[in-house]
1. Do you know which residues across the stretch 297-350 are polar (S, T, N, Q), in a loop (DSSP other than H, G, I, E, B) and within 30 Å of the chain's Cα centre (by Cα)?
2. Here is a list of conditions, (1) out of contact with any strand residue (DSSP E or B) (no Cβ under 9 Å at 6 or more places or on another chain); (2) assigned to a loop (DSSP other than H, G, I, E, B); (3) at pLDDT 90 or above, and L181 meets all of them except one; can you say which number that is?
3. How many of the residues making up the stretch 76-118 are within 30 Å of A149 (Cα to Cα) and assigned to a loop (DSSP other than H, G, I, E, B)?
4. Would you pick out the residues in the stretch 341-357 that are out of contact with any Gly (no Cβ under 9 Å at 6 or more places or on another chain) and within 11 Å of V325 (Cβ to Cβ)?
5. Please identify the pairs in which a residue from the stretch 319-343 that is in contact (Cβ under 8 Å) with a residue 24 or more places away in the chain and closer than 19 Å to N260 by Cα has its Cβ atom under 7 Å from the Cβ atom of a residue that is part of a strand (DSSP E or B) and of a type in the set (S, T, Y), counting only partners at least 6 apart or on another chain.
6. Assess whether I167 counts as being in contact (Cβ under 8 Å) with a residue 40 or more places away in the chain, surrounded by fewer than 22 Cβ atoms within 10 Å (Cβ to Cβ) and farther than 27 Å from L224 by Cβ.
7. Could you say whether any residue in the stretch 37-46 is farther than 26 Å from E144 by Cα and in a loop (DSSP other than H, G, I, E, B)?
8. Of the residues that sit in the stretch 134-156 and are touching a Ser or Thr at 6+ places or on another chain (Cβ under 7 Å) and more than 21 Å from R198 (Cβ to Cβ), which one is surrounded by the fewest Cβ atoms within 10 Å (Cβ to Cβ)?
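The values are calculated or read from the model by the stated rules, or taken from the named source; none is laboratory data. From a predicted model like this one, the values you see are computed outputs, not experimental measurements. Note that we place each Cβ from the backbone using ideal geometry, even for glycine, and neighbour counts take in every protein chain shown.
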Amino acid sequence: MKPSDQPLVATPTTPVRQPLLEVDRASVRLGNTQVFDNLSLTVGEGEFVALLGSSGCGKTSLLRTIAGFIQPRAGTVRVRGRDITSEPPDRRGMALVFQTYALWPHMTVAQNIGYGLKLRRLPRAEIAAKVAEIAALLGLSGLEERKPAALSGGQRQRVALGRALAISPDILLLDEPLSNLDARIRLTVRQEISALQRRLGITAIHVTHDREEAMVMADRIVILDAGRIAQIGTPEEVYNQPASAFVAAFMGAENRLRLNAGPATEGDGRLRLQAQGGTPALIATVRPAVPGPCIAHFRSEAAELHEASAAAEPTAGFLALPGEVGQVSFPGGFWRHVVATPAGALVVDAPKAWPAGSKVDVHIPQTGLFVFPDEQG
């Protein structure tokens, strides 16, 4: 069986907390598009899980399937072991914060926050007390009589979050709620949401395409690729131990090299890796375990630039490629170089600027290399 034919069961590398939500072999088709098929995922009690991926990967459809806005063609959704697959959204014990906030423009802050409680026909005094509690929790006290048009983007986001929290959901669903905020406010609000989730012990599932946002907010990250779970793990695991070339590139290791791998010496245990035009390298700690064509990914900050040398003997512990510096820029805190090498253009960050036209060697340590079999090689 090929890896692509295997069931999409997310098997985490770290223990999951007491299961709260289970998506069991769910399949969703929208029109002529198979969004995902045979997908399984478990979310623990009090856990913050980020669904991370590029546009069209299926993360929002998965969230809406969990929420009840999309009915799967096959599979089951369970909360605490109870099958809720056919139940409507308002009976699932969940609350969804939309990307656009979806606030009622004619209602005040207090009315928006208390809207779900009003639908449940709670007494006015109880609604008022709950609204005051939520407003204080989210820093909205004193703004209760304002309407959304009179609020900043960050304040509107807090109102949408307050409306969701007011009904005391078992699961809080967040559909890219920070994407409409400017960069400075987004940093502040994501810290507030993360701290609030941990303080209240709420189970949260957050859809995002922002890698850093997922890393700083989530306990576990689910990376999706074309409707498949490419990897699931803690932020440290998906960053430092990517399970595939796709995950490595998505998590920032965008430099890519095609290599040939062979045994270094008889019984040595190391691999002899060589990129086109580069010096052979003796590497001990990377995959693949068997020789053959492979793909290596590395991050721009993992490599180093050195003055060009004429070394031709195999080096231990790092790949070396000759190159010439082309474009040089300063994104802040370091200098970014685009280096032309026989194996292709590479991006390398350095603490100092190397002038365009400099002849250099690009050194990539084995600790920064993510090597995978080249299935097309």
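1. Within the stretch 297-350, just S300 meets the criteria.
2. The single condition L181 does not satisfy is (3).
3. Residues that pass the stated criteria total 13.
4. A350, A353, W354, P355
5. Filtered contacts from the stretch 319-343: A320/T279; L321/T341; P322/T341.
6. yes
7. yes
8. E145
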